[in-house]
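Report on one structure; see the data block that follows.
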Amino acid sequence: MRKYSDGRIDLYAPDLLIYEVANVLRYRPDVTVETLADSIESLIKLQINLIPPSIEIMSEAAAKARALDLSIYDACYIVIAETLATNLVTADMKLYEKCRNGKIVFFLRSLGKEWCIP
């Protein structure tokens, strides 16, 4: 993450990222409503480049979802990475397992603190 905080790389995600993170936190019994709101505020302040849905992204995501047996949600992350000709870093092991042969998908835990992407 240092490269991001130093301004050397940009982060991109479908805008549904905010909803997905909020939903995960909502189901954690140890997270209060205030903590959830603070966490989402912090996520938004990261200024990740959020990509809204488009006809092109959704069409490609539908095809990718069918081809790889993924949710449309997960397929959107892959399509955006491919469209931007960049890497996808995920903490979702199932997504990683289904897509790792594409050589643009990396599992977060394997990258270390510096995100050393080969």
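Annotations for the structure displayed:
- Total formal charge among the other residues, if their Cβ is under 12 angstrom from that of residue 69, Lys/Arg +1 and Asp/Glu -1: +2
- In sequence order, calculated HN-Hα J values of segment 22-27 (Karplus, 6.51, -1.76, 1.60; Hz; x Gly/Pro): 4, 5, 4, 5, 4, 8
- Sorting 39, 59 from the fewest to the most surrounding beta carbons within 10 angstrom yields 59, 39.
- Among 46, 95, the ranking by other beta carbons within 10 Å of each residue's beta carbon, starting with the fewest, stands as 46, 95.
- Residue-count net charge about residue 36 - beta-carbon cut-off 9 Å; Lys, Arg +1, Asp, Glu -1: 0
- Here residue 37 and residue 97 are evaluated by their C-beta separation; at R0 = 35 Å the FRET efficiency comes out at 0.60.
- Table column - 3J(HN,Hα) (Hz), segment 45-62, Karplus curve with 6.51, -1.76, 1.60, x for Gly and Pro: 5, 5, 6, 5, 6, 8, 9, x, x, 9, 4, 5, 4, 5, 5, 5, 5, 4
- Of the GluC sites (Glu not before Pro) found in segment 5-97, no site is in coil according to DSSP while having at most 13 other Cβ atoms within 10 Å of its Cβ.
- Charged neighbours of residue 18, selected by a Cβ distance under 12 Å, balance to -2 (K, R count +1; D, E count -1).
Each value in this text was obtained by applying a stated rule to the coordinates, not by laboratory testing. It should be emphasised that the depicted structure is a prediction, and the values quoted were computed from it without experimental measurement. As a convention, Cβ positions derive from the backbone with ideal geometry for all residues, glycine included, and neighbour counts pool all protein chains shown.
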